[in-house]
């Protein structure tokens, strides 16, 4: 009887333990550009089991463009997308209470062929410059602002050709343009093929008033959703930090990323890796926000209402603070 008593004493709590269901993972819906770098981060998160560790179920919808992500956010079919604080502030001014948390400070660059006679930004005068992202692209506007400091109106003193990033990269490789301004990952492709960085956009930011590397791209979500899912958002941010740390410190982590980049050349993949690591945000949210406020004024002056809408200043709620001292 004493034996059966001991067995029963053990079996009852065990049965109760089995009967209690495990806590369901919180679901977060992500709208991700299929060819974007967010997919790299997600690959590392899944391979390392960081989503399960964080108690999150990530439902990913792959989209063709960043604009499609904005549409998904407006329609309420995504909880988190990647976009920039400029768009977030504009949307807030128009009534949508979105908020932003830094993802990457990697920015584009002006690229020229290795043998190009162009040695400085001033040498772009009279040249053919291809620009990715359109007439109100942030990097293009910041470059114009920098040139105006030297009395050069690059928009009128050079031949400007706009196009999609892959097209601009192709034109650069074909030698159709004297120089190109493209997104950072396309610049990495050119760099690996021997092109020279005339200047990175991050290099000109101090001349425009910024005190450090500014995360132009971030995780964007609705502040009301974040308020009702604050713990899940905190776990998402912590999970993303762990993934970035793996990508920053482990070359082996890039084994999962390599196939997603489309790069077959090891030199291209290495450049992707190095530039991605350079862009990992490491500053406080207050520092990020202060610099974004300064650059917003610069962009608003050049881009006008077409760029920033009715708000001449960065909306105070644009940046999300995950916790004290963040």
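Here are some notes:
- Any hit, segment 147-157, residues being outside any helix (DSSP H, G or I), touching a residue at least 60 places away in the same chain (Cβ under 8 Å), more than 30 Å from residue 69 (Cα to Cα) and touching a helix residue (DSSP H, G or I) at 6+ places or on another chain (Cβ under 9 Å): no
- Residue list for segment 158-180, restricted to those being free of Cβ contacts under 8 Å to residues at least 24 places away in the same chain and not in a helix (DSSP H, G or I): 174
- Residues of segment 191-206 that are assigned to a helix (DSSP H, G or I) and out of contact with any strand residue (DSSP E or B) (no Cβ under 7 Å at 6 or more places or on another chain): 192, 202, 203, 204, 205, 206.
- Residue 233 surrounded by 12 or more Cβ atoms within 10 Å (Cβ to Cβ), closer than 25 Å to residue 142 by Cα and in contact with a helix residue (DSSP H, G or I) (Cβ under 9 Å, 6 or more places away or on another chain): no
- Of all residues making up segment 269-287, the number that are surrounded by 19 or more Cβ atoms within 10 Å (Cβ to Cβ), in contact with a helix residue (DSSP H, G or I) (Cβ under 6 Å, 6 or more places away or on another chain) and in contact (Cβ under 8 Å) with a residue 60 or more places away in the chain: 3
- Meets criteria (surrounded by 16 or more Cβ atoms within 10 Å (Cβ to Cβ), modelled with pLDDT of 90 or more, within 30 Å of residue 47 (Cα to Cα) and out of contact with any strand residue (DSSP E or B) (no Cβ under 9 Å at 6 or more places or on another chain)) for residue 243: yes
- Counting residues in segment 183-190 that are in a loop (DSSP other than H, G, I, E, B), touching a helix residue (DSSP H, G or I) at 6+ places or on another chain (Cβ under 6 Å) and closer than 21 Å to residue 102 by Cα gives one or more.
- Filter result for residue 134 (loosely packed, with under 14 Cβ neighbours inside 10 Å, modelled with pLDDT under 95 and more than 15 Å from residue 201 (Cα to Cα)): yes
- Only one of the listed residues (221, 236, 183) is in the same structural domain as residue 129 (by TED's automatic domain parsing) and touching a residue at least 12 places away in the same chain (Cβ under 8 Å). That residue is 183.
- Residues that are crowded, with 22+ Cβ neighbours inside 10 Å and either free of Cβ contacts under 8 Å to residues at least 60 places away in the same chain or closer than 18 Å to residue 307 by Cα (or both), drawn from segment 59-81: 69, 78
The values are calculated or read from the model by the stated rules, or taken from the named source; none is laboratory data. This structure is a prediction, so every number in the text was calculated from the model and none was measured. In this analysis, Cβ positions are derived from the backbone assuming ideal geometry, glycine residues included, and neighbour counts consider all displayed protein chains.
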